[in-house]
Amino acid sequence: MSLIPRFPEREFTSLFRLLDDYSDHLASRSQGSEFCALAPRFDVRETKEAYHLDGELPGLEPNNIEIEFSDPNTLIVKGHAERESSSKSPSKGESKDQSKDSTFWVSERSVGEFRRVFNFPAVVEQENVQAKLNNGVLSITVPKSSPPPVKRITIG
């Protein structure tokens, strides 16, 4: 019997998610902002043919998202989300949100800019990358490049 318990890989997933949430919480507290920083989460999986990225971007429009390669193996997804709201205290006869004549009790929606960088272990086909935004989920398919043919050198 081992003194150190062994856990399957998947049991650590919730631990890593908890650590990410805690890091995000500390970052938002240190900024002193009333708004949460936008930090979309992505699932990244690999198949024989491609890498698949699925990210949560609720409420974002495609024109607020940019996808680009900084080098042959590095994909960058960045963008911004804006929400109409006011954080000033209302004066007499004035509401917090002038346009809707309402008062915010809590504002927890994420706003701001985000930037996610994904490094692939192999060369990918940048020309054939496909991306679509459906119901707040950004899906990106990055095809793998076929390995270069083996070239034999004869010794003369």
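Maximal additional length on extending the Glu127-Glu61 stretch stands at 21.5 nm, based on 0.36 nm per residue less the C-alpha distance.
Computing FRET efficiency as 1/(1 + (r/R0)^6) for Phe118 and Ser146, where r is the C-beta to C-beta distance and R0 is 22 Å, gives about 0.60.
Every number in this text was worked out from the coordinates using simple rules, so none of it is lab data. Just so we're clear, the structure is a prediction, and the values are computed from it rather than from any experiment. When we count neighbours, we look across all protein chains shown, and the Cβ atoms used for this are built from the backbone with ideal geometry, even at glycine.
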